[in-house]
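Trainee: Take this structure first; my questions come after.
The values are calculated or read from the model by the stated rules, or taken from the named source; none is laboratory data. What you are looking at is a predicted structure, and each value in this text was computed from that prediction instead of being measured. Neighbour counts run over all protein chains shown; Cβ positions are idealised from the backbone, glycine included.
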């Protein structure tokens, strides 16, 4: 869905003047269509996440069919796995390493995934600050995977990733989704999850898999409850 300036301002809880200022600064990705600006929902979400901007739950709304249940972060992480002491000395070698470490269906061409993730990084770093990055492909549909996977990788040593806050990255979530809807949903959930101090603390100390899943399940359950600033409850 393509959003206009008014939509973007409402979703990000800012004035339309702020949207135009960010466009003029060249920081906010926008497209000129018939002399008007339009925004891609996925890119707007990624932009807000990387800059720690609180966005409206409206960002979660999609016009696609609601027949298929939306995935849980815990299920996606169970599929992708938690991996420790992942190697790599720069952004490219780290991306290759996390793709190899993450559990993916055998039919997925890992080199193709690497090229897609590298192309996404060329647009803008997926480093979201505090030593965390969320590398992913720009168009999730091209992979044709049956279910989303979220791999969590702790690096053996931090690597420069071009994050806005200038901090090297030590923790990466690699996200691969079968549809744009699932991609937006999981990325939105992950953005909320990374605001939770308990979950951030577990990541910083590279806690055990049991700690990570216990904290994730607790926080995700809280996210599911209706409330200010939280995603709407889903029908299972």
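Trainee: Can you name every residue in the range 5-36 that is out of contact with any strand residue (DSSP E or B) (no Cβ under 6 Å at 6 or more places or on another chain), over 23 Å from residue 125 (Cβ atoms) and in contact (Cβ under 8 Å) with a residue 24 or more places away in the chain?
Mentor: Answer for the range 5-36, where residues must be out of contact with any strand residue (DSSP E or B) (no Cβ under 6 Å at 6 or more places or on another chain), over 23 Å from residue 125 (Cβ atoms) and in contact (Cβ under 8 Å) with a residue 24 or more places away in the chain: 7, 10, 13, 33, 36.
Trainee: Quick check on the range 83-93. Is at least one of its residues buried (at least 18 other Cβ atoms within 10 Å of the Cβ), closer than 15 Å to residue 177 by Cα and in contact (Cβ under 8 Å) with a residue 40 or more places away in the chain?
Mentor: Scanning the range 83-93, I find no residue that is buried (at least 18 other Cβ atoms within 10 Å of the Cβ), closer than 15 Å to residue 177 by Cα and in contact (Cβ under 8 Å) with a residue 40 or more places away in the chain, so the answer is no.
Trainee: Looking at 19, 11, which is the one that is modelled with pLDDT of 90 or more and touching a helix residue (DSSP H, G or I) at 6+ places or on another chain (Cβ under 6 Å)?
Mentor: Details: 11 fails: modelled with pLDDT of 90 or more.
Unique residue meeting the criteria: 19.
Trainee: Would you confirm, using the coordinates I've provided, whether residue 223 is modelled with pLDDT of 95 or more, part of a helix (DSSP H, G or I) and at negative phi?
Mentor: Considered against the rule, which asks whether it is modelled with pLDDT of 95 or more, part of a helix (DSSP H, G or I) and at negative phi, residue 223 comes out as no.
Conditions (1) surrounded by fewer than 20 Cβ atoms within 10 Å (Cβ to Cβ); (2) assigned by TED's automatic domain parsing to the domain that holds residue 83; (3) without any contact (Cβ under 8 Å) to a residue 24 or more places away in the chain, marked per residue:
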position	(1), (2), (3)
187	no, yes, no
197	yes, yes, yes
203	no, yes, no
206	yes, yes, no
210	yes, yes, yes
215	yes, yes, yes
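Trainee: Same structure, new question: Residue 74 - would you say it is outside any loop (DSSP other than H, G, I, E, B) and touching a helix residue (DSSP H, G or I) at 6+ places or on another chain (Cβ under 8 Å)?
Mentor: It is true that residue 74 is outside any loop (DSSP other than H, G, I, E, B) and touching a helix residue (DSSP H, G or I) at 6+ places or on another chain (Cβ under 8 Å).
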